[in-house]
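To start, the structure itself, in structure tokens.
Where a number appears in this text, it was derived from the coordinates with a stated rule and is not lab data. Treat the numbers as computed from the prediction; the structure is a model and nothing was measured. Please note: Cβ atoms are built from the backbone with ideal geometry, for glycine as well, and neighbour counts cover all protein chains shown.
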Amino acid sequence: MARAVLSGTSVSPGIALGKVQKLLPSGMVEERRILPGECAAECAALRQAAARARDELKLASEQVPADLAEQGDIIRAHMQLCQDPKLLGTAERRIHEQHLCASWALSCTVEELCALFHGMDDPYLRERAQDIKAVGRRIQTCLLGCEAARGRTMPHVLIAEDISPADALRLNLRGMLGLVTMEGGPTSHTAILSRSLHLPAVVGVTSLMDMVEDGDFIIVDAVRGCVHVAPDEDEVAQFSARQEEYLAWEHSTRHNAPLPAETLDGVRVTVQANMESPDECAAALGAGAEGAGLYRTEFAYLRASRFPTEEQLFQEYRDVARRMAPARVVFRTLDAGADKMLRSQEALKEPNPNLGLRAIRFCLRHREVFHTQLRALLRAGLYGNTAIMIPMISSLQEVQEVRRLITEVSQGLSAAGIPHRDDMPLGVMIETPAAVMVADSLARECDFFSIGTNDLLCYLMAIDRNNKHVSYLHDPLHPAMVLSLKRVIDCAHREGIGVSVCGELSTDPHGLALLLGMGVDSVSAACTSVPAIKHMIRHLDAEICSELAHSVLASTDAAASSRMVRETLAQCLGEELVFHNTMLQTNG
């Protein structure tokens, strides 16, 4: 029996067994008050430490292997943070106003910024707090004259509070068997790195550093999300066999990714990728994705200090359309607002941005921004199989207005002699209760539907899914959610248009089985989830899923519905269900 079993979150599936080496935290904080006359010297020391940290990061970025280009981007982002005025400028003000030493002032500033990011709704933005913390720790190390953490004897399994991209490169993670950290989440850099290196990884193990010591033998069970400390011989033998089973299953899943997603009784489902960058095209196609069911266009706006030009947008969209052709790319128009704020939206200081001027509401208010994007999309439409999708629709009039604007933009391009596509399919995202209720009239105006299950569930239940006090209400099998999905799918099919699902429900095996039973035409998820989704569909029977959906729709008890789905999938997939759960949800 293991000395302890610690729980966490699986972020990269697999099983690892071996001895550990502990990466001790660096950058300890000095808490000291200073005299007014010492402020200038402390500020200078802070600037010098930040410059040294930036130089170290620059050196690390130059050593990034070609297949870890994403880590290079992260390190370069950390380099920018090393000279960010919000970080250094605020710390310097604390030195002058509160008479704190540089180390203490930096620590207070990092904590303040991290708290700000932790309070954001979007998981991706929340976890950017880890960037600030990592940069702060690096500057602290330089400030106190310590040597940055460097690779020691290569451990079998690395455990740490957290690992920044630069530290990861120095530690030569390629030789490791697994990775466990106290901090981090599904979109943290530790998660991204471990997935890119195919290392089993569990994060968020809060008691890790107190319970595990250098040299301890541990089992990293990144299938169930736990760590077994000092297991006995029977457990080692059991998990060694389980590791072989998982590796064989994973190999089969990835090897068969190019095969179509067709159920045992011959029902074909299209499986596509969610994307946000042209750089993801190769990975999506390599994973077996049959196009991009959701291309997020807002990141071109969020990355820059000013709105991108029509030519910049055109080049990005054309590049994606060309690379993915002949598969279809569905470009979602600018979906800024709520947790992805543009500067012009930040100025509004809306009390509740989730319910404010976001997505299509923002675009219809700022026609010049929307016109630029529509022109770029129509021009790029000549270079592949493309479609336009409008987010956050709540009325038929919004769709009709968008159609009118597309016609206006097309006429303008024609008058200017600019080649473009004038018959781009137009679809909408169903993610508001209002859109569900008028889905029948929307279906007559649209060429396709895509259901955004994440927002739809939150709006249906009137909850913030990141609020722990109401998280128990975040249940995709709630009767209101199930009935809404069925209504949208039926309305679409009555008008002869396809319906896709691009939210988290498509990466939940239980939700995926239910969607198949309701007759969804396609699903779209992160490209890393595509092989497992296709593998699961090939092992399901559409008729059984249809009977399951019928039973769930007739139920008024979410707990009973969940039990029905679990039991049905356990019968269909057996032990594979655990593997599906892990691969889909850690990659989704």
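Okay, here's what the table says:
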{"item": "FRET efficiency, LEU247 to ALA283 (Cβ-Cβ, R0 22 Å, nearest 0.05)", "result": "0.55"}
{"item": "Pairwise label distance in nanometres, ALA40 with SER395, each label 7 Å out on the Cα-Cβ vector", "result": "6.3"}
{"item": "Rounded, prolate or oblate (a/c below 1.5 giving rounded, otherwise prolate when a/b exceeds b/c) for segment 360-402 by Cα gyration tensor", "result": "oblate"}
{"item": "Cα gyration tensor shape of segment 470-528, rounded if a/c is under 1.5, else prolate or oblate by comparing a/b with b/c", "result": "oblate"}
{"item": "Estimated distance in nm for a label pair at HIS255 and GLN312, the labels positioned 7 Å out from Cα along Cα-to-Cβ", "result": "4.6"}
{"item": "Net lengthening on full extension, GLN238/ALA560 (0.36 nm per residue, minus Cα-Cα)", "result": "112.6 nm"}
{"item": "Highest-first arrangement of 280-286, 84-90, where packing means the average Cβ count within 10 Å", "result": "280-286, 84-90"}
{"item": "Part-to-part distance (alpha-carbon centres) for segment 462-522 and segment 262-314, which is given in Å", "result": "21"}
{"item": "Difference of contour (0.36 nm per residue) and Cα-Cα distance, ALA51 to ASP440", "result": "134.1 nm"}
{"item": "Estimated FRET transfer efficiency (ALA462, PHE299; beta-carbon r; R0 30 Å; 0.05)", "result": "0.55"}
{"item": "Over segment 429-485, volume per residue of the alpha carbon convex hull, in Å³", "result": "64"}
